Amino acid sequence: MKRSTLILAAGLAAAAIAACTKQSLQATFDKQTTYIENFVTARMKADTNATLTRNGGAYRVTLHDTLSPLRDSLQWGQKVSLHYGCYTLTSNSVGASNLVATNLKTLAKQASWALTDTTIFRPDTLTLDGSLVTGLADGLLGVQAGDEGFILFTGKYGYGKSERGTIPALSALAYYFWIEEIFNE
């Protein structure tokens, strides 16, 4: 009887720890959502021509929105060529100190990165598919060539509990993007 009581107690303790961990994760994502919403609000106030698009878990603030019926919007399975700067979002703003990836030399210089491998400073071509993190894919859906802005999402829609290169686990991310071209293949 004592053994079954101990097993039951251990099971209840594990369930309580799991519940606390889940609550802690949700609290982290809620805090990140607040940072994102404050960032978006500030950007929208600073540029009255900016547009906001929400898709899934992503927020996209487009600063230079082409919204042209003559241009193709990026759809699932298509390719896009873009420049970007990826920042961890740990407050209501982004800056050189939280830049974690870029293909723009000017952003790398601002962050005081060593500029020894200059081959990385060119547009990347990505396919909008399941190989991208959910938040980035959701944010890119519908962009057009010439668009510039930010895609923001919580760690829930990023790399989750996994650390990825210089990106810490559970990080909210902000991608500053410049769309070069949409490929209709």
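Throughout, read-outs are computed from the coordinates displayed, never taken from laboratory work. Just so we're clear, the structure is a prediction, and the values are computed from it rather than from any experiment. Note: ideal-geometry Cβ built from the backbone for every residue, glycine included; neighbour counts use all protein chains shown.
Could the peptides 152-161, 85-94 be put in order, highest first, of the mean number of other beta-carbon atoms found within 10 Å of their residues?
Packing order, densest peptide first, comes out as 152-161, 85-94.
By the gyration tensor of its Cα atoms, with a ≥ b ≥ c the square roots of the eigenvalues, what is the shape of segment 128-178: rounded for a/c under 1.5, prolate for a/b over b/c, or oblate?
prolate
Figure the gain on full extension for Thr34 and Ser162 (residue separation times 0.36 nm, minus the Cα-Cα span) and round it to one decimal in nm.
Additional length available on full extension: 43.9 nm.
Once the cut-off is 19 Å, how many percent of the Cα-Cα pairs in segment 27-144 end up in the long-distance tail?
Result: 57 percent of Cα pairs exceed 19 Å.
Once you sort the root eigenvalues of the Cα gyration tensor of segment 95-181 as a ≥ b ≥ c, which label holds: rounded (a/c under 1.5), prolate (a/b larger than b/c) or oblate (the other case)?
Oblate.
Using 27 Å as the Cα-Cα cut-off, could you pick out the over-long pairs in Lys45/Lys161; Lys31/Lys79; Lys79/Lys105?
Table pairs above 27 Å Cα-Cα are Lys45/Lys161; Lys31/Lys79.
Testing the spin-label approximation: label points 7 Å from Cα along Cα→Cβ at Lys105 and Thr48. State their distance in nm.
Distance between label points: 3.8 nm.
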